[in-house]
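Structure record follows, encoded as structure tokens.
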């Protein structure tokens with residue numbers, strides 16, 4: 001492993017930030033402070049941190065309905081992100097769209113999507129933009145194993161492969177689509193095998209191993225930046241929480257959560273860091289305290305931000 | 001001014017805009033053999049900006065919309081209006097919501113063009129226009145030119161708009177010729193045009209049925225009726241004031257469109273005018289629209305079409 005200590009600590013911090021943020025979201029939702037329909041990212045932190053840490057500024061990311069982890073890993077301001085979830089005026093999007101639709105173009109987050117598989121066609125456009133501008137940038141489309149079943153994934157990869165667009169499709173295979181287990185609605189074990197149908201690389205990676213995700217995305221990005229076209233990366237992972245906050249875990253077998261807990265992306269990485277002598281437990285505790293403070297402050301910021309006023313109902317419905 | 005066809009006028013606008021803005025590109029299927037070659041001249045001049053796509057409407061739409069979200073101005077050619085719903089998620093759930101979601105921090109400049117309209121026996125999946133479907137969706141503008149000069153001017157305005165615009169070109173207008181201004185030419189979105197002045201009844205229409213209204217208006221002269229004909233040109237935003245002003249003068253309104261009757265935009269116009277200037281009306285507002293059935297082929301289609309006679313009959317019922 002060639003990764004240096006600083007990079008490893010960055011990855012750790014990114015994953016921990018997602019976890020602490022999502023824990024806080026859950027708490028605020030259950031306290032009635034966050035409205036609506038929240039899809040937690042808990043358990044999949046290594047995917048967001050590994051993918052987003054391997055990107056460059058100006059790369060484009062198109063996320064799905066469980067995209068809070070992606071936003072944090074991209075460096076979206078936690079205050080604004082939390083305010084958006086609260087439906088407050090200082091949110092990333094003015095507090096009008098909520099968790100499933102967060103965008104922040106400054107940090108590369110072009111779109112998030114409430115339509116499963118909805119990011120994929122748009123990611124073709126983001127990749128087309130990069131190629132047309134000839135700027136060496138890449139687009140990332142995130143979808144789940146559920147989203148990968150949609151026709152959008154086929155059309156997007158058909159189009160992207162024909163024009164050798166710099167697109168990486170990251171399938172976060174958390175082995176469950178809503179409350180339906182992977183095996184019940186798929187006839188294959190590995191979705192990345194579909195890459196063969198487009199003549200492009202397809203890689204399966206342990207989605208709970210942040211370093212492994214970082215490495216394979218880095219390779220795919222290099223491939224794309226060199227003009228060699230798109231790739232599919234399938235990250236096998238597990239959603240520790242329900243499909244949404246309130247889902248008790250429908251569709252999961254008894255004991256599955258406990259089994260996956262042993263492969264928790266953060267604690268397993270922590271053990272590796274300590275064993276390698278990269279950090280001490282004390283240093284990790286310091287990072288945890290810092291991250292926890294940022295998340296607490298974000299919740300306070302969101303609480304204090306005003307609600308949008310009536311003018312916001314119709315602002316920017318049509319382009320200015 | 002130059003004499004050119006409606007299709008050539010559109011291509012002329014696109015070529016002029018492409019010369020000025022390197023960030024305009026096209027995605028579509030079969031621009032050479034497809035729906036009336038409305039981009040042919042621009043394509044010959046800028047072949048590298050024309051992405052000739054596979055039959056992947058969803059990805060084609062996503063390509064155009066996604067690229068426009070990143071900073072380009074895109075043209076998406078969907079060929080036939082009936083094919084647009086193949087990529088409806090990309091238009092309804094994605095494109096239409098971009099400006100709202102970005103909340104002033106980004107745009108979605110994409111012109112979604114398709115050929116529309118009935119009358120050439122192409123059947124129930126190649127003959128509808130669906131403007132009412134698109135007009136219903138907040139965030140989408142809907143443009144339907146009738147004359148070659150307007151086709152050019154409205155395409156220029158659509159290309160410069162920062163949001164998604166559905167631009168429907170009627171199959172029976174594509175080869176019509178007219179005098180078209182040279183060089184850069186703009187017709188603002190949201191402005192209707194009185195194409196025939198009259199004092200007895202207002203006929204409001206858009207796209208090919210405007211031609212049918214003009215013919216009906218000529219026939220009505222024999223009955224002693226002088227009809228005013230308004231070409232709406234833009235369905236969203238629509239020029240309410242122009243219609244109101246005319247109806248205040250004539251006291252009678254007939255709205256004519258190829259849409260299926262129920263849920264038509266013609267109904268929206270009728271309802272709005274009834275709400276807002278009821279007292280100016282001398283009789284009920286009439287609609288001449290297609291019946292609530294798919295578009296048939298052959299001889300049966302002749303019975304389906306909007307004809308001058310159907311318009312004249314509606315007008316005569318008001319006198």
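What follows is calculated from the coordinates using simple rules that are stated; it is not laboratory data. Remember, it's a predicted structure, so these values are computed and weren't measured experimentally. Quick reminder, even Gly has a Cβ in these numbers, built from the backbone with ideal geometry, and neighbours come from all protein chains shown.
Summary of computed values
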{"read-out": "Kirkwood Rh in Å, taken over all unlike Cα pairs in the protein assembly as shown", "value": "26.5"}
{"read-out": "log₁₀ of I(q)/I(0) at q = 0.10, 0.12 Å⁻¹ - chain A, Debye sum with one point per alpha carbon", "value": "-0.54, -0.80"}
{"read-out": "Average other protein chain Cβ within 10 Å of Cβ, residues B:158-170", "value": "1"}
{"read-out": "Semi-axes of the equivalent ellipsoid for segment A:212-310, Cα gyration tensor, largest first, Å", "value": "29, 24, 23"}
{"read-out": "Radius of gyration and Dmax over the Cα atoms of segment A:46-141, both given in Å", "value": "12.8, 39"}
{"read-out": "When the convex hull of its Cα atoms is projected in every direction, mean area for segment A:117-166 (nm²)", "value": "3.0"}
{"read-out": "Separation of alpha-carbon centers, segment B:257-312 and segment A:168-210, rounded to whole Å", "value": "51"}
{"read-out": "Nearest 10 degrees, 0 to 90: helix B:6-20 Cα axis against chain B principal axis", "value": "40"}
{"read-out": "Separation between Cα centres of segment A:30-62 and segment B:9-76, rounded to whole Å", "value": "34"}
{"read-out": "Rounded to 5, the percent of DSSP beta bridges in the protein assembly as shown classed as antiparallel", "value": "15"}
{"read-out": "Under 14 Å from the residue B:300 label point (7 Å along Cα→beta-carbon), backbone N, segment B:115-150", "value": "B:121-125"}
{"read-out": "Inter-centroid distance (Cα atoms) of segment A:229-291 relative to segment B:118-189, Å", "value": "53"}
{"read-out": "Helix axis angle, B:148-160 relative to chain B longest principal axis, alpha carbon, degrees", "value": "50"}
{"read-out": "R0 of 56 Å, Cβ-Cβ distance residue B:120-residue A:106: FRET efficiency to nearest 0.05", "value": "0.70"}
{"read-out": "Cβ-derived FRET efficiency at R0 35 Å, residue A:190 paired with residue B:136, nearest 0.05", "value": "0.25"}
{"read-out": "Relative frequency of Cα-Cα separations exceeding 20 Å in segment A:111-268, percent", "value": "50"}
{"read-out": "Taking A:61, B:194 and counting other C-beta atoms within 10 Å, the order from fewest to most", "value": "B:194, A:61"}
{"read-out": "Two-site FRET efficiency, residue B:291 against residue B:218, from Cβ-Cβ distance with R₀ of 25 Å, rounded to 0.05", "value": "0.50"}
{"read-out": "Where N is the number of residues in segment A:198-265, Cα Rg divided by 2.2 N^0.38 Å", "value": "1.45"}
{"read-out": "Largest to smallest principal axis extent of the C-alpha atoms in segment B:1-150, angstrom", "value": "43, 38, 31"}
{"read-out": "Kirkwood-Stokes translational diffusion coefficient of segment B:175-260, alpha-carbon pairs, 4 °C, 1.567 mPa s, µm²/s", "value": "95"}
{"read-out": "Between helix B:209-221 and chain B: long-axis angle, C-alpha atoms, 0 to 90°, nearest 10", "value": "20"}
{"read-out": "Percent of C-alpha pairs per 10 Å bin, segment B:180-319, short to long", "value": "12, 43, 32, 11, 1"}
{"read-out": "For segment A:1-100: span of alpha carbons on each principal axis (Å, largest first)", "value": "45, 27, 20"}
